[in-house]
1. Checking the conditions here, which among V222, V192, V265 is modelled with pLDDT of 90 or more, within 32 Å of the chain's Cα centre (by Cα), assigned by TED's automatic domain parsing to the domain that holds G97 and not aromatic (F, W, Y)?
2. Being more than 12 Å from R90 (Cα to Cα), in contact with a helix residue (DSSP H, G or I) (Cβ under 6 Å, 6 or more places away or on another chain) and not aliphatic (A, V, I, L, M), is that true of even one residue in the stretch 166-174?
3. For the stretch 152-183, which positions are over 14 Å from N86 (Cα atoms) and touching a residue at least 12 places away in the same chain (Cβ under 8 Å)?
4. Only one of (1) part of a helix (DSSP H, G or I); (2) at pLDDT below 85 fails for E116. Which number is that?
5. Based on what the data block shows, is N112 more than 38 Å from the chain's Cα centre (by Cα), assigned by TED's automatic domain parsing to the domain that holds V222 and not aliphatic (A, V, I, L, M)?
6. Starting from the stretch 287-308, keep only residues that are free of Cβ contacts under 8 Å to residues at least 40 places away in the same chain, then list their pairs with residues that are crowded, with 22+ Cβ neighbours inside 10 Å and aromatic (F, W, Y) whose Cβ atoms are within a distance under 6 Å, requiring at least 6 positions of separation or different chains.
7. For G472, which of the numbered conditions (1) assigned to a loop (DSSP other than H, G, I, E, B); (2) farther than 21 Å from D437 by Cβ fails to hold?
8. Which numbered condition trips up R326, out of (1) closer than 30 Å to S157 by Cα; (2) touching an Asp or Glu at 6+ places or on another chain (Cβ under 8 Å)?
Amino acid sequence: MTKNSTKKPRELGADERKLLVTVRRSAFDLDEPDEDSLAEIDGPLSEENEAAKSAEAERALQTDNSDDPVRLYLREIGRVELLDVNSEFRLATMVEGLRFVNNSRCQLIQGNISLETNTYRTIIGDLLSFWKEIKKTISKDEGELPDLGLMLAEAQSLHHGWEKDSPSYTRAYLDNGLWGKNDHWNQVAHQVYGLFLCFYLLPFSYAKWLLEYIRKSQKLPVRKTFFRNLPDDESLRFELDAIAYRNDTASQALARSNLRLVVSVAKRYMGRGVSFLDLIQEGNLGLLRAINKFDPRRGFKFSTYATWWIRQSINRSIAEQARTIRIPVHLFEAISRIYRAQRKMTQELGRTPSSVELVLGTEYLAQKDIQEIITAQSKSVAISPEIMARWENAAKKVEDILKIAEEPVSLEVPVGGDNSSQLGDFIEDVDAIAPVDAAAREMLREQVQTALSALSKRERQVLELRFGLNNGKEHTLEEVSCYFGVTRERIRQIEAKALRKLRHPTRSRELRDYLL
């Protein structure tokens, strides 16, 4: 048995099935990349990624044995062969199959039939709907219909493994130069791939019967014929478990074969406050998200789609971990865009642009306003007050973002050539008491103690408690009376007597100088 052949998987319990569905449906908290984002990656950059992956593998395999974990990791992933577009297409279909089955399972069960039979009836219904739409669209365009027999044979061959020497017929049919670029053909591709996916999900013995039927009649059977020839529930249950097994096998193959892609992308983000190994780990998480969310119908290569998710995962990691003071992800991306515009304008102007000039290279001002500003400046005419106000507001926003982007500096940074001082030594502590004030307070405390020494012990204690002379906490008459075990009136009398003594000129003379 080859390493990609299908062996009989064990039965999954109800809890395991529920967990599997939950995991497959979990989504990353990022939006899906749009067609323009993927188109930017696909092309010269995609070819650059492929070359970088190959070069990375060659360098990894040529390095000497070392205990360096990065070198060991690169040597390990360098042994895994890269995938071509046909292998990516086949593996992505095996991954997509389980998602399609889970969506079919969510359909309402009609009649007294099992979950397995209802699932396959839903799949067969989708299969017939896809083929009906394909015939309708292709005949209207006077195009050539796909060969049902070849599609079915190719789809069923995935049951025995994905490593094939021959190119994919279905992918070749879809990739006519318009796939992923033309909306009309994208709709056709969606239907054709849906049909191919339904063929893949059929049990092997059932598909064998269907292939013979197609070759004899050159068409698909009607719905009743499909239903009448469905295998029993046990066979369908086995096939559903086999689909889940092949999904895991394909996911692992896609992940292992694209680890070099993660390394080639992560290398571009070195020196941003996150270690290389951590960048690789975050990129691997993005790769796993790409595997779970990749849709082969869109016409892009998996490596193109994965590159976008790897970048997003690494960027998010840098935003979360690289700075002492965390910056929200959306602001981190805005800072990156402003810095790119700043570098570009610096090269054009030969100097660092001001925030007002920088606005013209960012998206914080409408393109229409930018054109009017450039036109007005070239003709030396006045800019309208409305546009000037929007320009100033946009410049203020750019200034605020650049202030947020400033790196914090530690107070322990050495200052001077001998490193004998720290930055914190030269920063004023506005909350600290000035030396002159501290000396004045100490002299006042001594003078108060001298004045209180002329009082009796009880009088001195009453004043210290009432005015908080010892610890700064003042006490009420009630609290002081409880402390001495007398009435509040008696405490008030003692306080009044003590204050009269202190007001005597011979005792208050030294304290008058401290009154403001």
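The values are calculated or read from the model by the stated rules, or taken from the named source; none is laboratory data. Every value quoted in this text rests on a predicted model; they were computed, and no experiment measured them. Quick reminder, even Gly has a Cβ in these numbers, built from the backbone with ideal geometry, and neighbours come from all protein chains shown.
1. From the options V222, V192, V265, the qualifying one is V265.
2. no
3. L152, A153, Q156, H159, H160, W179, G180, K181 - these are the residues of the stretch 152-183 that are over 14 Å from N86 (Cα atoms) and touching a residue at least 12 places away in the same chain (Cβ under 8 Å).
4. Only one criterion in (1) part of a helix (DSSP H, G or I); (2) at pLDDT below 85 is unmet by E116, namely (2).
5. Yes; evaluated as a whole, the condition is true for this residue.
6. A290/Y305; A290/W309
7. (2)
8. (1)
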